[in-house]
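Since the structure comes first, as structure tokens, the remarks are kept for the end.
Where a number appears in this text, it was derived from the coordinates with a stated rule and is not lab data. Nothing here was measured: the structure is a model prediction, and the numbers come from that model. Every residue, glycine as well, gets a Cβ built from its backbone with ideal geometry; the counts of neighbours run over all protein chains shown.
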Amino acid sequence: MITTTKLRPYQIEAIEGIETAWRAHDSTLAVMATGTGKTDVFGDLIRRWLEFGRAMVVAHREELIDQAAQRVGAIAGCRADVEMADRRAGDGTMWDGAPLVVASVQSLNSADRLARFDPMDYAMLVIDEAHHATADTYRRVIAGGDESVTRCN
């Protein structure tokens, strides 16, 4: 079931800007103030991109993870699995797992959990609260588990 969300003009503009940036770059950063509907923006982007592969949203707090799983799953019209603490997202494969995985960065950095997810299955990786993305734990996830990730200075 898809939740119909009427996007505001600035949200539509943000989505168009992100998609334009993706045509020229492998990644992009969207900056939006608190309360402006970032979850709706990345939820709509995920809905548009699911035909190309799965999506993963990574965050650092339980409330962000639960919010994204519920809201983005509803917007994208798909099941969302959660990878956090004692919760496991399917079996990690494109064919048996949900199209959307919402995961805690802490869980993905512990004991082979990230290895369960093949980066080639994913069309999109969203880092919620992207100002955390320079931390080694996030950089390891972004690199697909590559242990050779070096610290940002």
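Structure above, values below:
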quantity	calculated
Principal semi-axes in Å for the stretch 1-43 [√(5λ), Cα gyration tensor, largest first]	19, 13, 9
In order through the stretch 77-88: 3J(HN,Hα) via Karplus (6.51 cos²θ - 1.76 cosθ + 1.60), integer Hz, x for Gly, Pro	x, 9, 6, 10, 9, 10, 10, 6, 6, 8, 8, 10
The chain - mean residue ellipticity at 222 nm from DSSP helices (-39,500 (n - 2.57) per run, n ≥ 4, rounded to 500)	-10500 deg cm²/dmol
Glu19-Asp86 FRET efficiency (beta carbon distance; Förster radius 30 Å; 0.05 resolution)	0.25
Under the Debye formula (equal points on every Cα, no solvent term), log10 I(q)/I(0) of the chain at q = 0.09, 0.10, 0.14 Å⁻¹	-0.26, -0.32, -0.66
Residue among Ser27, Ala55, Ile12 farthest towards the positive dipole end of the chain, charges placed on Cβ	Ile12
Pair Thr28, Glu51: separation of 7 Å Cα→Cβ label points (nm)	1.8
